[in-house]
Amino acid sequence: MAKKQLTRAEVPEALTWNVTDIFTTEADFKKAIQQVEKQIVEIQANSERMTESATQLLALTELLYESEELLMKVYGYAARVNDGDTADPHGNDLMNQALLIVNKWEAAVSFYDPKITQLSAARLDQFLDEKPKLKQYEFNLRRIQEQAAHTLTPAEEKLLAQLQPAIDDASDISSKLDDADLDFGMIKDENGEEVQLTNATASEFATSADQDMRMRASKQVAKAYRSMRNTFGATLKSHVHAQNILATIRHFDSARQMNLADQKIPEAGYDTLINTTHEHLDLMHDYYAFRKAYLGLDHMYQFDRHVPLVADAKLSLAFEEGKKVTMAALAPLGKDYQNYLQEEFEQRWIDAAENKGKRSGGYEDDVYGVHPYILLNWNDIYDSTSTLAHESGHALQSVYTDKAQPFWYSQYPIFIAEIASTLNESLLNHYMLEKYADDPQIKAFILTQDVDNFIGTVYRQTLFAEFEHFIYTEDAKGTTLTPDLMADKFNGLFKEYNGDAVTDLPWKDDTWAQIPHFYYDYYVYQYATSKAIATALADDIISGKPGALENYKKFLSAGASNYPVEIVKQAGVDVTKRDYLDQAFKLFGEEVEELKRIL
């Protein structure tokens, strides 16, 4: 563990992403902005005539996607520079330039969807017959038409687009507060040495064998969030209220309906996830009771849930070793997958090292026509390797999609993306269990990781989904979302989900304030559904089920060319049924029993 965070300048170049793959110089970045500016003018000049003929519709649609593709490069470049050090004024300036042109573009093209919805189905059919080249956009055009009841007039859509930056402010403020301003301070580690406490090092301390160390780190992080609870509360309340207002404006019954409608995800599936998870809470309660007894703890707190049950398992993995393990674990996905993964590792698609001011956590972002980028904050623990496998799942799905689909079908929804990433986690854990099959200590460690991963991805994200729906529902009823209300609800759910074996914290806690995904609008539930789907698909691939790998590659290549439910069917899973959830919980229960047997 680093005793002091590196500055961005101190990070070796090999551990940073190569932004020059997008634009060689910042001058090229600025030229791209100027080009988008010109395209915006041309788009606006032809907006009124867009649906007069098939020729006009085709020309403007082509220009729109051409400009959006360049715009995404502008944003991708600025975001990579900014996220490397969010406190750097230069990176902030680039990001502001990118956001300005993004917002301007979005306002300029806001007429497009309303005009498509005003076209009759018969008129669109006529255009498609007259200009066969339009058929490459047909799915998107039909999808837009289906949203006619929720699309406003062009003038109203333009006003909403102009308001979008203000609507996004709550999320932006919360992100800046969390990533750049919140300081957890220094802390003494197990050896009595002062080290910087960060989100990444706090995760490492959570696996410490020393309960006092775990408690001190957790308490110090909680204290920092507690000191800013009113600010975090205000930003979340503002965001939720804005989304509820938007739902009303767009004639939806709720914000949930609005956020699931575009991809035709059935709302009943959201409730099925929560209800089915509640039916299987006993499995997690049983696991935590076992964990508490095995560790010999008088009281087991939430910060004790991640300590390895086999504390001396030697699985400290540096970045280079983590890449090798990931490569081996994903071998069942085929040689072509391996080749793409090797390119990812060798061509600086990854920004690996933690540094001062760097955006926390991990993510993947694809720049169409260039390649995907991955942000990590690497620590030499198993979880970092798991994150690498996870984000590589996103990245290589982007690679397969970009090779098979045009730009306008490349931006697949999160519901699909999280299947590819969590499937990679399943393959990684399976590989590690096989590799250490004759080592009870390491096998128990990996099983613990696998079980805890399932809890974190299915149970925990379902808890988040239940909390998120609560705050949206309460705000819609006119209830004021105070920090106390949100803390009470979140902590109550935490108690219900984790059971009596987990003791309440001896200090006031605001974990709800630490979850950035609440600003992503009914996003977290997809982690849970995707993990369950991925569990089934990974098992099919590992067992060599005929057609499983081939169908999975079709899934990876489909992008956004159809609705998610239909694309997942290509891989062999029907998400409208609860079977995949019950099977996932069954497998989870079996792993818990195997862990008990070993220990």
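Quick notes on this one:
- Once the stretch 159-218 is narrowed to residues that are hydroxyl-bearing (Ser, Thr, Tyr) and in a helix (DSSP H, G or I), the residue that is nearest to residue 106 (Cα to Cα) is 171.
- Cβ separations smaller than 7 Å between residues 6+ apart or across chains give the following pairs from the stretch 115-136 residues that are within 20 Å of residue 48 (Cα to Cα) to residues that are exposed (fewer than 14 other Cβ atoms within 10 Å of the Cβ) and among the basic types (Lys, Arg): 128/135.
- Residue match in the stretch 545-560 (condition: closer than 24 Å to residue 281 by Cα, part of a helix (DSSP H, G or I) and at pLDDT 95 or above): no
- In the stretch 48-94, residue surrounded by the most Cβ atoms within 10 Å (Cβ to Cβ) [restricted to those that are within 30 Å of residue 362 (Cβ to Cβ) and over 26 Å from the mean Cα position of the chain (by Cα)]: 90
- Subset tally (residues that are under 29 Å from residue 588 (Cβ atoms) and of a type in the set (S, T, N, Q)) for the stretch 399-431: 5
- Against the test of being under 21 Å from residue 469 (Cα atoms), surrounded by fewer than 19 Cβ atoms within 10 Å (Cβ to Cβ) and either not assigned by TED's automatic domain parsing to the domain that holds residue 509 or not basic (Lys, Arg) (or both), the options 181, 168 yield a single qualifying residue, 168.
- Restricting attention to the stretch 110-138, the residues that are charged (D, E, K, R) and either on the phi > 0 side of the Ramachandran plot or within 36 Å of the chain's Cα centre (by Cα) (or both) total 5.
- For the stretch 481-517, the tally of residues that are touching a residue at least 40 places away in the same chain (Cβ under 8 Å) and touching a Leu at 6+ places or on another chain (Cβ under 6 Å) stands at 1.
- Listed by first and then second residue, the pairs with beta-carbon distance under 8 Å, at least 6 apart or on different chains, first residue in the stretch 387-398 and closer than 17 Å to residue 331 by Cβ and part of a helix (DSSP H, G or I), second among the basic types (Lys, Arg) and at pLDDT 95 or above, are 388/323.
- Residue check: residue 212 meets all listed conditions (1) touching a residue at least 60 places away in the same chain (Cβ under 8 Å); (2) surrounded by fewer than 18 Cβ atoms within 10 Å (Cβ to Cβ); (3) among the acidic types (Asp, Glu) but one, namely (1).
The values are calculated or read from the model by the stated rules, or taken from the named source; none is laboratory data. This is a predicted model, so every value here is computed, not measured. Every residue, glycine as well, gets a Cβ built from its backbone with ideal geometry; the counts of neighbours run over all protein chains shown.
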